[in-house]
Amino acid sequence: MHNNRTTITQFLIEEQRHIQGATGDFTALLNDIVTACKVISNLVNYGALVGVLGSADTQNVQGESQKKLDVISNEVFLKSNEWAGHVSAMASEEMEDIYPIPEQYPRGKYLLLFDPLDGSSNIDINVSVGTIFSILRGPEGLTKPTVADFLQPGVKQVCAGYTLYGPSTMMVLTTGSGVNGFTLDQNIGEFILSHPNLRIAPDSQEFAINVSNMRFWKSPIKRYIDECLAGKDGVRGKDFNMRWIASMVAEVHRILTRGGVFMYPLDSKNQDQGGRLRLMYEANPMSFIIEQAGGMSTTGHERIMEIQPTSVHQRVPVILGSKNEVERIIAYHLTEN
Ligand code: AHG
Ligand code: MN
Ligand code: MN
Ligand code: MN
């Protein structure tokens with residue numbers, strides 16, 4: 001009865017057949033990432049029963065206090081992806097320095113960046129969390145990977161994806177030819193293609209922003225949100241709805257499903273850090289997915305994927321989602337600041 005279902009492995013192997021010179025390395029790497037996400041999904045599902053909730057009483061390089069699951073998920077990702085010989089180094093939100101593959105293993109041609117647990121403030125209240133990843137190619141003949149090898153703009157990504165640990169566990173992926181979504185069948189432990197060719201509606205009536213930061217916003221964002229809130233009575237002539245889940249993975253997934261805009265803009269509170277969200281393992285992979293689904297992603301002033309990174313943990317303002325709404329916000333940034 002299930003024979004006509006496409007598993008993520010089948011999907012990737014079939015994609016690989018169309019790529020000239022593909023060696024299978026990339027498919028094998030993706031398989032290890034899938035395994036890591038299944039392990040994290042299991043830990044998230046069992047939660048308090050396996051003692052993984054709560055704080056780790058440590059801080060990461062961003063000065064955020066780490067949850068136990070931030071640390072555990074990071075470890076799961078490292079262990080799943082270090083041994084097979086496809087990766088040369090990894091970088092993560094939860095590690096200050098890059099992680100070159102230990103010498104006992106062969107080093108491969110890819111660089112892997114990840115946010116092991118996104119929305120981790122949700123974990124103790126049993127609300128959706130996720131994992132985000134981005135794959136870059138390392139320079140040819142790479143033996144000793146350095147931070148400089150990672151500092152490539154988002155347009156260079158080979159693949160980007162996220163896994164959403166929600167009511168169902170879903171993995172959403174792009175390799176540069178559209179976006180596809182897979183749902184984890186817990187009984188057989190396989191991700192099954194459930195959302196082929198996801199597309200974002202160009203227009204929408206739903207926005208996501210942390211409104212508690214309103215007093216810190218700059219005028220283009222204030223104007224856009226004021227106009228949304230004015231609804232039918234204002235210049236937009238239609239009512240808007242609002243959501244804030246505090247997990248970028250969950251917000252992006254909603255936008256892929258029913259459109260909308262997500263914003264974590266530059267404001268007077270995060271200005272000194274250059275924004276709130278991290279460019280290389282949050283903003284870039286999500287921007288790749290959003291653009292591949294027909295949406296747009298910007299800082300307000302420039303396309304996120306064209307930014308030349310200067311550090312692995314660099315932060316950036318993020319505005320992404322339905323094309324016509326994002327274009328409107330960009331236009332407001334051109335006339336005001
Ligand atoms: P993380 O849990 O990986 O540190 O990321 C959380 C991010 C993002 O997913 C979310 O949109 C945002 O932080 C929430 O920020 P606020 O708590 O300021 O709303
Ligand atoms: Mn964090
Ligand atoms: Mn995150
Ligand atoms: Mn995180």
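The values are calculated or read from the model by the stated rules, or taken from the named source; none is laboratory data. Remember, it's a predicted structure, so these values are computed and weren't measured experimentally. Cβ atoms come from the backbone with ideal geometry, glycine included; neighbour counts cover every protein chain shown.
Worth a mention:
- Helices (runs of 4 or more DSSP H) wholly inside region 206-313 that include at least 1 residues being in contact with a Gly (Cβ under 7 Å, 6 or more places away or on another chain), of a type in the set (S, T, Y) and under 18 Å from N324 (Cβ atoms): 284-292
- Residue ID - farthest from N270 (Cα to Cα), chosen from residues in region 44-68 that are touching a Leu at 6+ places or on another chain (Cβ under 8 Å) and in contact (Cβ under 8 Å) with a residue 60 or more places away in the chain: G47
- For region 113-164, the candidate set comprises residues that are of a type in the set (D, E, K, R) and more than 21 Å from L78 (Cα to Cα); within that set, the residue that is nearest to ligand 2 (Cβ to nearest atom) is D124.
- The residue that is surrounded by the most Cβ atoms within 10 Å (Cβ to Cβ), among those in region 239-262 that are more than 14 Å from the chain's Cα centre (by Cα) and more than 22 Å from F182 (Cα to Cα), is V261.
- Flag if S287 is away from ligand 4 (no atom under 16 Å from the Cβ) and closer than 18 Å to D118 by Cα: yes
- Any chance L198 is touching a residue at least 60 places away in the same chain (Cβ under 8 Å) and within 16 Å of ligand 4 (Cβ to nearest atom): no
- Qualifying positions in region 290-314 - surrounded by 21 or more Cβ atoms within 10 Å (Cβ to Cβ) and within 16 Å of ligand 4 (Cβ to nearest atom): V312
- Unique match (being charged (D, E, K, R), more than 22 Å from the chain's Cα centre (by Cα) and within 30 Å of V127 (Cβ to Cβ)) among D70, D115, D57, D32: D57
- Count - residues of region 88-123 that are surrounded by fewer than 18 Cβ atoms within 10 Å (Cβ to Cβ) and more than 23 Å from Q62 (Cα to Cα): 5
- Given (1) under 24 Å from K38 (Cβ atoms); (2) among the β-branched types (V, I, T); (3) in contact with a strand residue (DSSP E or B) (Cβ under 7 Å, 6 or more places away or on another chain), number of the condition T257 does not satisfy: (3)
- From the options E82, E75, residue that is within 13 Å of A36 (Cα to Cα), without any contact (Cβ under 8 Å) to a residue 12 or more places away in the chain and either within 16 Å of ligand 2 (Cβ to nearest atom) or assigned by TED's automatic domain parsing to the domain that holds T27 (or both): E75
- Selection within region 119-138 - among the β-branched types (V, I, T) and either within 14 Å of ligand 4 (Cβ to nearest atom) or in a strand (DSSP E or B) (or both): I123, V129, T131, I132, I135
- Lone qualifier among K269, K323 - being surrounded by fewer than 22 Cβ atoms within 10 Å (Cβ to Cβ), of a type in the set (K, R) and within 21 Å of V211 (Cβ to Cβ): K269
- Qualifying residue in region 145-158 (condition: touching a residue at least 12 places away in the same chain (Cβ under 8 Å), within 16 Å of ligand 1 (Cβ to nearest atom) and either within 29 Å of R303 (Cα to Cα) or in the same structural domain as K38 (by TED's automatic domain parsing) (or both)): no
- Residue within region 142-149 that is in contact with a strand residue (DSSP E or B) (Cβ under 7 Å, 6 or more places away or on another chain), buried (at least 22 other Cβ atoms within 10 Å of the Cβ) and not in a loop (DSSP other than H, G, I, E, B) present: no
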